[in-house]
Structures are given as structure tokens and as C-alpha cells.
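Before any comments, here is the structure.
What follows draws every value from the coordinates through simple rules; no lab data is involved. The structure displayed is predicted, hence computed values, not measured ones. With ideal geometry, Cβ positions are generated from the backbone for all residues, glycine too; neighbour counts draw on all protein chains shown.
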Amino acid sequence: MLNTADFGSDFLWGVATAATQIEGAANTYGKGLSMWDTFAKRKGKIKKSHHPQIACDFYHNYKNDILLVKTLGFKVFRFSIAWSRVLPFGKGQVNKDGIAFYHKVIDECLQHGLIPYVTLYHWDLPEALAKNGGWTAYSINADFNEFVLLCAKTYGDKVKNWIVMNEPFGFTSLGYMLGIHAPGETGLTNFFSAVQHATIAQADGGRILRSEVKNANIGTTFSCSEIIPYTHNETDLLAAKRVDCLMNRLFIEPTLGMGFPTADWDVLEKFAVSHSTWRHKERMTFDFDFIGLQNYFPLVIKFNAFIPVIQAWEVKAKSRKKPHTKMGWEINADSFYNIIKQFAAYPNVKEIIITENGAAFNDKLVNGIVNDDERIAYFILYLTAMLKAKNEGVNITGYMAWTLMDNFEWAEGYEARFGLVYNDFETQERTIKKSGYWWQEFLTK
Ligand code: BGC
């Protein structure tokens with residue numbers, strides 16, 4: 001039986017959310033459009049033409065929702081600030097209503113004794129900036145710094161725990177290489193210039209918070225996936241190594257002052273030559289207090305000569321007949337343990353918080369009950385794997401479940417339900433799932 005005592009009395013238990021996925025009020029109360037508001041209008045980009053206009057309407061329901069966090073027994077509420085709510089055009093004019101909204105959210109948390117963990121950038125670039133090149137534009141770094149400075153000065157007295165970015169690999173690869181997320185750009189040139197600007201922004205953000213916020217605890221988050229070669233043939237091993245460079249090492253290594261992993265993937269070296277800011281090793285480095293790790297799946301990788309540049313191919317969990325979630329993501333807690341160990345092995349990673357982990361299943365609300373035993377089993381497996389790493393000496397100080405309630409799951413729309421609380425998107429009625437009650441029991445008994 002898992003017991004919170006096994007993790008230590010200081011261990012931080014939380015739930016994570018993101019502005020675009022829950023807030024709604026997308027174009028009201030002075031908020032400017034974000035690139036997700038406009039991306040959602042493009043045909044075929046989001047399943048069933050769903051959009052984040054209303055989402056969970058957290059904007060109007062924040063009091064109840066924060067109370068739910070408390071009711072479930074969590075200590076931490078992680079949420080993000082929508083850049084275009086506080087700076088409707090990305091820079092310049094400040095939206096007073098937007099500023100006031102996050103004050104209310106923060107105050108509500110504090111009143112309930114919850115610790116706010118605030119993410120500055122969870123993928124929702126203001127449309128005004130996206131139109132001008134977004135993360136591929138050189139000017140994005142100055143704009144991001146203006147946003148960070150505003151948030152730090154405005155909320156720094158109340159908020160001590162900050163997360164500069166949510167998964168830079170997520171938004172640069174899906175949004176600028178594959179075109180499946182906003183702003184829907186494709187190609188390696190876009191991708192690599194977004195990568196370098198995001199890496200610089202992340203470290204700049206850390207520096208601004210450090211100088212503006214007294215006693216700040218500053219982190220940033222990285223997606224991570226154990227990369228498992230399909231066979232031990234040399235070609236598969238090398239393909240897996242390239243994918244590891246791309247998915248796991250591309251952002252953390254420059255952040256830690258190691259530069260990009262060019263030695264293990266020559267393509268990165270080629271880009272280094274063509275980009276003038278690529279080698280700004282110092283500016284890309286910041287000594288974060290904690291590193292947020294977010295894990296959802298491992299990847300099994302096979303060599304494939306037909307895939308340009310990376311020459312690698314994913315062998316899906318389904319075809320390998322492995323247990324998987326509704327997203328098709330393999331359920332494999334050993335791989336969670338392995339990837340935690342991989343990141344913990346960097347000498348400058350001082351502290352790790354699991355800032356997201358969770359799963360989507362085919363939840364159904366029947367007679368007021370959501371019987372999501374699969375999700376409970378998932379959490380037990382993953383928490384046990386995390387505990388093993390912790391007991392072996394990895395300095396893991398917290399875990400945040402993804403996510404409080406079913407929400408706007410980006411290109412998947414509202415079909416993929418990851419919440420501990422079921423949301424009826426017609427009525428905005430929240431129903432605690434069986435997994436939510438499991439957490440409550442785990443955290444409060
Ligand atoms: C993102 C979340 C997302 C989750 C599940 C993470 O990469 O940070 O916003 O909902 O994955 O797809």
C-alpha cells in the first residue's frame with residue numbers, strides 16, 4: 001500500500017493546469033487573442049472543430065475549482081498566466097482586468113492554504129506576436145522578457161514558486177516543425193530557430209525572476225521520454241540516440257551550460273553553423289532551483305532510412321501489444337523510473353519536481369459516477385516507480401498530477417479526458433471521478 005509518509009512530510013503534492021486549457025473567456029475582459037484562439041478557427045486543425053473559447057470556464061468558476069483542489073487534498077495548484085490576458089498585444093498596453101484576474105486566483109489559493117506554482121509560458125503566444133514570426137523571430141526574446149518582468153513585478157510579492165516554461169520541446173516541435181499545434185508552422189528551419197529563441201527565453205526568464213522576486217524558487221519544465229531501441233542492432237541504437245538528443249537532451253543540456261548535444265547528432269552541428277545566436281551558450285544557461293519533469297510515455301525507436309534527417313521511426317505501443325492509454329501512449333512505469341534517473345544523472349540538476357504526469361482514458365459519467373479504475377492503477381504504478389527513484393537518492397521533492405479536470409486537450413479538443421474531475425462541457429458541471437476520491441483518500445487519510 002502506498003502511503004504519503006513514504007515520500008516524506010515535506011513532499012509537495014499538487015495538480016497542474018494551463019490557462020488555454022481551462023480558462024475560456026478567450027476574447028473578453030480585455031484579453032487579446034492567443035495563437036490557439038486563431039489556430040482553432042483553421043479547418044481540420046482541431047478534432048471536431050473544438051476550440052478553447054469557453055473550455056472549463058475557469059475564468060468564472062475559479063473559486064469552486066480552487067476549492068476542489070483543496071477538497072482533493074492537494075497542497076499545490078499549478079496554473080499558467082495567459083500572456084495575451086495581461087498583455088493583449090504581447091507587449092505595450094497592459095490589461096487591468098487580466099492583471100486583476102490572476103491576483104484573484106492567487107489570493108484564492110493563499111486563502112485556502114494552497115501554494116501557487118505559476119507557469120509563465122504554457123504554449124499560448126499572443127496572436128499579435130505569432131503573426132510576426134512568433135518563436136522564430138529574433139524580437140521574441142525582448143517581448144518575452146517584457147512579459148516576465150511584468151508578471152514578476154506584479155505578483156512577485158505573493159508568488160514565490162515560478163515555472164518559466166512548459167515543455168519547450170512540445171511547443172517548438174508540434175507548433176514549428178510538425179504543424180499540428182499552433183501556429184501550425186513546419187520545417188526544420190522554423191523549428192531550430194524556435195528552439196534557440198525558446199532556450200534563450202527560458203534562461204532570461206530565470207534571470208529576471210531571480211532579480212525581481214525575493215526568495216523565489218525558480219524552475220522550468222521539460223518533457224521527457226525514455227527512448228528504447230527496438231533491437232540492439234547498431235542502426236536502431238544510433239536512431240534511438242538521435243531521438244534521445246532531440247526529445248530529451250535538446251533543451252536541458254544548453255540550460256545546464258553544456259551547449260546543444262551536437263557531438264551525438266551532427267544535424268545540430270550543421271544548424272550551429274547557420275544560426276548566429278546558436279552558440280550563445282552563456283545566455284542559454286541558468287542555474288534553476290528545480291527542474292520540472294513531465295512524463296507521459298516511452299518511445300520505442302527503429303531505424304528508418306526514409307524519414308528525413310532523423311532517420312528513425314516510432315513503433316507504437318498498440319502494434320507491440322502493450323497496455324496504453326486512450327492517446328495510444330504506452331503505460332510503462334519502469335520507463336518513468338528510467339527517465340527520472342537519466343535526468344537526475346546530470347550533475348547540475350539539484351532538485352526534481354514531477355510537474356506533470358497522468359493519463360487519458362475513456363471516461364463515462366454514469367449515474368453521477370465515473371469509474372476510472374484504470375487511472376487509479378496508473379497513478380499507483382507511476383507513484384511507486386517515482387518512490388523507487390526517490391529512495392535510491394534522487395532528490396525529488398514534489399509530484400503534480402495532470403490534471404485537475406477534463407479540459408481542452410490542444411489538437412485533441414475535448415475528447416481526451418485527463419482530469420481527476422469529470423467536466424460536462426455543456427453545463428460546466430464538475431464531478432469528482434473515482435480517481436479523484438482515490439487521491440483524496442491517499443492525501444488526507
Ligand atoms: C502538456 C499539457 C497536455 C499534456 C497531455 C503535456 O505535454 O503540458 O498541456 O495537456 O501533455 O497531452
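To the nearest 0.05, what FRET efficiency results for Ala345 and Phe306 with a Förster distance of 30 Å applied to their C-beta separation?
Plugging the Cβ-Cβ distance into 1/(1 + (r/R0)^6) gives 0.35.
Once you order the gyration tensor axes a ≥ b ≥ c over the Cα atoms, which shape class does the chain get: rounded for a/c under 1.5, otherwise prolate or oblate by comparing a/b with b/c?
Note, shape of the chain comes out rounded.
Each of Ser193, Asn132, Ile301 was scored by the projection of its Cα onto the charge dipole of the chain, and the greatest displacement toward the positive side belongs to Asn132; charges sit on the C-beta of Lys, Arg, Asp and Glu.
Would you kindly state how much longer the chain becomes between Lys322 and Asp10 on full extension, computed as 0.36 nm times their sequence separation minus their alpha carbon distance, in nm to one decimal? Working shown, then result.
On the way: separation 312, 0.36 × 312 = 112.32 nm, distance 3.55 nm.
Length gained, Lys322 through Asp10: 108.8 nm.
Measuring how big the range 43-160 is from its alpha-carbon positions, Rg and Dmax come out at 15.6, 45 Å.
Note on the chain: dipole from Cβ charges, positive end direction compared against Pro254, Ile310, Asn391; the farthest Cα belongs to Ile310. Summing Cβ point charges (Lys, Arg +1; Asp, Glu -1) relative to the Cα centre of the range 1-145 gives a dipole of roughly 600 debye.
Give me the percent of DSSP beta bridges within the chain that run antiparallel, rounded to the nearest 5. Spell out each step's value before the answer.
Working: 13 of 49 bridges.
Close to 25 percent.
Computed over neighbours whose Cβ is under 13 Å from that of Cys109, the net charge equals +4, Lys and Arg +1, Asp and Glu -1.
Under a Cβ-only charge scheme (Lys and Arg +1, Asp and Glu -1), can you give me the dipole magnitude of the chain about the Cα centre, in debye to the nearest 20? Don't skip to the end; give the middle numbers.
Working: 47 positive and 47 negative charges, 59 e Å.
So the magnitude is around 280 debye.
Picking from Val243, Ser223, Pro88, whose Cα lies most toward the positive end of the charge dipole for the chain (charges on Cβ: Lys, Arg +1; Asp, Glu -1)? Sorting the options by dipole projection puts first Pro88.
Ranked by how many other Cβ atoms sit within 10 Å of their own Cβ, fewest first, the residues Ser9, Ser80 fall in the order Ser9, Ser80. Neighbours of Leu420 by Cβ distance under 14 Å: Lys/Arg scored +1, Asp/Glu scored -1, total -1.
In terms of surrounding Cβ atoms within a 10 Å radius of their Cβ, Leu174, Leu365, Leu120, Leu420 rank from fewest to most as Leu365, Leu174, Leu120, Leu420. For the residue pairs Lys41/Lys302; Lys45/Lys281; Lys241/Lys322; Lys96/Lys281; Lys70/Lys104, alpha carbon separations beyond 26 Å are given by Lys41/Lys302; Lys45/Lys281; Lys96/Lys281. Quick one: net charge of Asp289's neighbours, Cβ under 12 Å, K/R +1, D/E -1? Around Asp289, the charge tally is +1. Contact order for the chain, expressed relative to its length and based on alpha carbon pairs under 8 Å spaced 6+ residues apart, stands at 17 percent.
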